[in-house]
Amino acid sequence: MISSPAPLHALLRCHPATPAGVALALSVEVHPLGEALRLRYVLRGEVAALRIPEPTAPGPADGLWQHTCFEAFVANEGEAAYREFNFSPSGQWAAYRFAAERERDAPGESRHPVSLEAPHTVVAPDTLVLTARVPFAAPARGLSALCIGLSAVIEEGNGHLSYWALHHPKERPDFHHRDGRALRLAAPSN
């Protein structure tokens with residue numbers, strides 16, 4: 001179990017290869033809660049100029065990253081395997097397992113399915129807030145931290161996509177790159 005006395009705050013940056021065409025700022029509050037993380041994405045600025053997916057029946061869906069979508073990548077420090085979580089303002093979500101960078105572990109997904117609660121979204125003309133919970137396993141024995149990558153795809157009204165992340169390790173957006181998991185949550189000392 002990882003715990004923190006207060007939420008961590010992270011500011012996401014737009015990748016320079018995909019500049020946003022409207023004024024935006026994106027931050028994420030990360031709050032460890034036992035065996036889960038509560039993620040609160042706050043997008044401020046010209047939200048009315050964005051293409052926001054309409055609310056729909058909550059549940060799993062693929063391809064969410066093709067439109068406005070908030071994401072988290074979670075791994076134990078030192079391990080190649082990781083989890084990817086996508087959250088749409090529509091209420092849909094996705095959870096994937098990877099054995100290594102971009103090597104999907106579909107059998108592992110079926111053996112250890114993840115059931116996420118539908119993300120909760122509030123939209124105003126200048127603010128969009130999406131809150132989600134991500135389950136995770138505590139770092140394996142001998143590991144010191146959970147490594148987290150926070151990111152988002154933002155779609156403008158004209159269809160232009162900008163890619164946001166805590167850290168962009170490559171010259172093109174790549175949320176799967178291990179160096180993008182730049183937020184570290186230390187395991188408690190025993």
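Each reported figure results from applying straightforward, stated rules to the coordinates on display, with no laboratory input. This is a predicted model, so every value here is computed, not measured. For neighbour counting, all protein chains shown are included, and Cβ atoms are generated from backbone atoms with ideal geometry for every residue, glycine included.
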Quiz item: Could you state the number of Å between the C-alpha centres of segment 1-70 and segment 151-181?
Solution: 11
Self-check item: Net +/- balance of residues flanking P89 in space, Cβ distance below 14 Å, scoring K and R +1, D and E -1
Solution: -1
Practice problem: Mind checking the full-extension length gain between A182 and A124? Use 0.36 nm per residue of separation minus the Cα-Cα distance, one decimal, nm. | Solution: 17.9 nm
Self-check item: Spatial extent of segment 8-186: Rg and Dmax, with the Cα atoms as the point set, Å
Solution: 15.4, 49
Quiz item: Around G21, with a cut-off of 13 angstrom between Cβ atoms, what is the net charge of the other residues, counting Lys and Arg +1 and Asp and Glu -1?
Solution: -2
Quiz item: For the chain, with the dipole built from +1 on Lys and Arg beta-carbon atoms and -1 on Asp and Glu ones, taken about the Cα centre, which of P55, P107, P135 lies farthest toward the positive end?
Solution: P135
Self-check item: Dipole-positive endmost among A25, H167, A118 within the chain (Cβ charges, Cα centre)
Solution: H167
Quiz item: Just for the chain, what percent of DSSP beta bridges are antiparallel, to the closest 5?
Solution: 95
Self-check item: Relative contact order [Cα under 8 Å, 6+ residues apart], the chain, whole percent
Solution: 27
Self-check item: Net charge, P119 excluded, C-beta distance under 13 Å - Lys, Arg +1, Asp, Glu -1
Solution: +1
Quiz item: So what's the back-of-envelope 222 nm ellipticity for the chain, counting only DSSP H runs of four-plus at -39500 (n - 2.57) apiece and dividing by all residues, rounded to 500?
Solution: -500 deg cm²/dmol
Exercise. Rank by packing, highest mean first: peptides 69-80, 168-179, with packing defined as the count of other Cβ atoms within 10 Å averaged across residues.
Key: 69-80, 168-179
Quiz item: Assigning unit charges at the beta carbon (Lys, Arg +1; Asp, Glu -1) and nothing else, what dipole magnitude in debye, to the nearest 20, does segment 8-186 show about its Cα centre?
Solution: 340
Quiz item: When you take every Cα atom in segment 1-98, what is the radius of gyration, and what is Dmax, the widest Cα pair distance, in Å?
Solution: 14.9, 41
